[in-house]
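Okay, so here's the structure we're looking at.
The values are calculated or read from the model by the stated rules, or taken from the named source; none is laboratory data. Treat the numbers as computed from the prediction; the structure is a model and nothing was measured. Cβ: placed from backbone, ideal geometry, glycine included. Neighbour counts: every protein chain shown.
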Amino acid sequence: MDPGASAVLVPSAGFVGEGGAPCAPRRVAAANFNGLRLVAPHPRTLHLVDIENLLGEAHRGAVATGSVLDRYLAAAAWHAGDQTFVAGQARHVAAVSFDSPVPLRGLIAYPGKDGADRRLLETDRAERIAERFDRVVIGSGDGIFAELARTLRRSAVRVWVVSSPESLSRWLASAATRVVAFPSSNV
């Protein structure tokens, strides 16, 4: 952050929260540029997406993977400027990375159980999530994310979960601010 940058509280005018209601003042990035104070147009959001969890058991290849990412982005209310991490097997990460409609960082899953989840959970340390983001959207229903969700909520970060109801952990659902049902595939 440059020396003239700071965090400011801005009034809720222009900020739309869940359900279209105005949100309370939020901490947003601000910077001085030639004497003008610039404020970010919307709160920052981090997306943590386990692409295989959203694909479900089908794991149908590149076409299905791209379709799943498109449906996730719509369900998660993605905005320009959001930061997106997608984790999964190399073939799925490659499929979304090379043809993504949004900038994203692909993470190859670790071998073994919960490999994609463990890669996504590493972003908490590296990205200092609670310090930098106002909202986190978890694209997975796995219970392994429940503790992260609780920790972020204690730090006043809104946590959304986008998941199909049949793969949503009760613990993760109870830790989230909002749960969005992931739309089923027509593929």
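Observations
- Scanning the stretch 155-180 for residues that are over 17 Å from R135 (Cα atoms), of a type in the set (G, A, S) and modelled with pLDDT under 95 yields a count of 2.
- Which numbered condition V96 misses (of (1) part of a helix (DSSP H, G or I); (2) surrounded by fewer than 21 Cβ atoms within 10 Å (Cβ to Cβ); (3) not basic (K, R)): (2)
- Among residues of the stretch 71-93, those that are out of contact with any helix residue (DSSP H, G or I) (no Cβ under 7 Å at 6 or more places or on another chain) and assigned to a loop (DSSP other than H, G, I, E, B), counted: 7
- Within the stretch 85-129, tally of residues that are more than 19 Å from G56 (Cβ to Cβ), touching a residue at least 40 places away in the same chain (Cβ under 8 Å) and among the acidic types (D, E): 1
- Elements of the type helices (runs of 4 or more DSSP H) sitting completely within the stretch 120-161 and holding at least 1 residues that are outside the structural domain of W78 (by TED's automatic domain parsing), of a type in the set (A, V, I, L, M, F, W, C) and crowded, with 23+ Cβ neighbours inside 10 Å: there are none.
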